[in-house]
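Quick notes on the structure that follows.
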Amino acid sequence: MAGAVLAVGAIGAAAALTVALAAVGSAAVQSQRAADAADAAALAAADAASGAVTGIPCDRAAEVARAGGAAVTACAVDGLIATVTVSVPFGALSATAVARAGPAP
């Protein structure tokens, strides 16, 4: 009987560890998704600021971020340099990322 209790406990611990690792993996995926969306949005804003594409830089950033499943929470353009912050929902939380794009300093 003691062996059965030990086996059930070991299976329960393994299941709990598996769930925890799956949650950490999902958070890592959402974080990378936010970083990708921020990079693309900052590049779009910088392109609009430089005149390479038409439109208002922060509007372009929001459009690209939305296509990537993110929302722009902050956007600043200083000359040809765009800095964009985006967030991606993750359950009750959100993953945020910041990206900067423009010519080299």
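From A37, A28, A52, A10, grab the single residue that is surrounded by 16 or more Cβ atoms within 10 Å (Cβ to Cβ) and either over 30 Å from G79 (Cα atoms) or aliphatic (A, V, I, L, M) (or both).
So the residue among A37, A28, A52, A10 that is surrounded by 16 or more Cβ atoms within 10 Å (Cβ to Cβ) and either over 30 Å from G79 (Cα atoms) or aliphatic (A, V, I, L, M) (or both) is A37.
For Q30, only one of the following conditions fails: (1) assigned to a strand (DSSP E or B); (2) touching a residue at least 24 places away in the same chain (Cβ under 8 Å); (3) farther than 18 Å from P103 by Cβ; (4) among the polar types (S, T, N, Q). What is its number?
The single condition Q30 does not satisfy is (1).
Would you say R60 is basic (K, R) and touching a residue at least 12 places away in the same chain (Cβ under 8 Å)? Talk me through it step by step, then tell me what you get.
On the way: basic (K, R): yes; touching a residue at least 12 places away in the same chain (Cβ under 8 Å): yes.
So R60 passes the test.
If I filter the range 63-105 down to residues being assigned to a loop (DSSP other than H, G, I, E, B) and of a type in the set (G, A, S), which single residue comes out as surrounded by the most Cβ atoms within 10 Å (Cβ to Cβ)? Write out each step before concluding.
Restricting attention to the range 63-105, the residues satisfying the condition of being assigned to a loop (DSSP other than H, G, I, E, B) are 68-70, 79-80, 91-92, 102-105.
Filter once more, keeping what is of a type in the set (G, A, S): 68-70, 79, 91-92, 102, 104.
Values: G68: 17, G69: 14, A70: 29, G79: 10, G91: 9, A92: 5, G102: 19, A104: 3.
The qualifying residue surrounded by the most Cβ atoms within 10 Å (Cβ to Cβ) is A70.
Hey, A104 hits all of (1) aliphatic (A, V, I, L, M); (2) more than 16 Å from A45 (Cβ to Cβ); (3) in contact with a strand residue (DSSP E or B) (Cβ under 8 Å, 6 or more places away or on another chain) but one; which does it fall short on?
A104 satisfies all of (1) aliphatic (A, V, I, L, M); (2) more than 16 Å from A45 (Cβ to Cβ); (3) in contact with a strand residue (DSSP E or B) (Cβ under 8 Å, 6 or more places away or on another chain) except (3).
None of the figures in this text is laboratory data; all of them are computed from the coordinates on show. Bear in mind the structure is a predicted one, so any value in this text is a computation, not a measurement. Every residue, glycine as well, gets a Cβ built from its backbone with ideal geometry; the counts of neighbours run over all protein chains shown.
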